[in-house]
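For reference, the structure is listed below as structure tokens.
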Amino acid sequence: METQAFGTIHGQAVTAYTLTNQHGVRLTCLDYGATWLKLEVPTAVGRQNLLLTSPSFDGYADPRSYHGKTIGRVAGRIGADQYPQPLPANEGTSTLHGGPHGFSTLMWAVQATAEQLVFSRYITSAEDGFPGDIDVKVTYTLTANDDVLIDFDANTDQPTLFNPTNHAYWNLNAGDETIQNHQLMLNSHQRFAVQTNKVPTGELLDNAHGGFDFSHPTDLGAALATMQTTAEKGYDDIFLVAPHTASEPVAKLTQGKLGVTMYSRRNALVVFTANAFGDELDFGEKTSRPYIGIALEAQTAPSAVADPRYGDITLLPGQPRHEQVRYHFEY
Ligand code: FUC
């Protein structure tokens, strides 16, 4: 394990922690936001980072930047009035990615071993505006067979919500190309209809029509071309994950020899293709612009907050919850 100073926030030092496995795959995370900073794989021409990464901490200090960060208590958008107790709003009347003081804005304690980075944090209701004081642990594991596991664990003292995810953006190009030359496969046949504020209505739409069918590996450039007539001009969609076993992937993203395959038991995956990105974010050698990265966010469907047909995101005292997402890399 190696550490590197990575700036400061509110007078506190931010540190980058790097694990390396036997094949030379390197995982780097920050204590701030329990952020996934880099995933580097060895290639014929040197190491290649597969994530969108800002070169300095400035790129992570803004609470509206989510790249690589741990998102919680609740990923995505829920109406601040969809729960019996008011939730902290940060986008009109919605709570986006855990509200204004979500997991992504917090400094986490770190315990590191040769293959794990364990980020832990006690978060009070006064601190982030959700009911209940919670104990949270986010564990990144880099295995000998080129998997990264992210385990999310939580306990609470009062009923609350827990639906965390990671918001890494992928770009498998060595140079400055966008993800338009990538192929995407999703284990999904339906997606959630949303209101204009992007909070789901609870209705499902069929993926078979209009550029949403990724049930086989699909060229993202061609798919994005079909989206140019829409207001979003790309994907920002909550896909319903089809029933599957633990060994069946929920998503696979490839470009040439490089690939990332995601495994998750949860029933939804948000796909966001950075449709309106401009130069407000600095990704170093990757020029921030539309389609410079793709976020694949495994989660329980946000509709579960109000509709038990779509799962259960409640966290109850005495009933700790555990969620996991696994990524496998080919290079
Ligand atoms: C994704 C999208 C949102 C938002 C955020 C940064 O989760 O669903 O629309 O732009 O990322």
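Listed values, structure above:
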item	result
The listed residue being closer than 30 Å to ASP62 by Cβ, hydroxyl-bearing (Ser, Thr, Tyr) and touching a Ser or Thr at 6+ places or on another chain (Cβ under 8 Å), out of TYR291, TYR331	TYR291
Matching residues in segment 4-26 - criterion: being open to solvent by 20 Å² or more (accessible area, probe 1.4 Å), among the polar types (S, T, N, Q) and within 16 Å of LEU142 (Cα to Cα)	THR20, GLN22
Segments classed as strands (runs of 3 or more DSSP E), wholly inside segment 155-226, with at least 3 members that are without any contact (Cβ under 8 Å) to a residue 40 or more places away in the chain and either surrounded by fewer than 20 Cβ atoms within 10 Å (Cβ to Cβ) or at negative phi (or both)	200-206
In segment 27-60, residue most open to solvent (accessible area, probe 1.4 Å) [restricted to those that are part of a strand (DSSP E or B) and free of Cβ contacts under 8 Å to residues at least 24 places away in the same chain]	ARG47
Any hit, segment 258-273, residues being aliphatic (A, V, I, L, M), exposed (fewer than 14 other Cβ atoms within 10 Å of the Cβ) and over 25 Å from THR53 (Cβ atoms)	no
Test: residue in segment 315-329 that is touching a Phe, Trp or Tyr at 6+ places or on another chain (Cβ under 9 Å), assigned to a loop (DSSP other than H, G, I, E, B) and among the β-branched types (Val, Ile, Thr)	no
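The values are calculated or read from the model by the stated rules, or taken from the named source; none is laboratory data. Given the structure is predicted, the values throughout are model-derived calculations rather than measurements. Note that each Cβ is placed from the backbone with ideal geometry, even for glycine, and that neighbours are counted across all protein chains shown. What goes into the accessible areas is simple: the full protein's heavy atoms, side chains included, and nothing from ligands, DNA or RNA. Shrake-Rupley method; radii C 1.70, N 1.55, O 1.52, S 1.80 Å.
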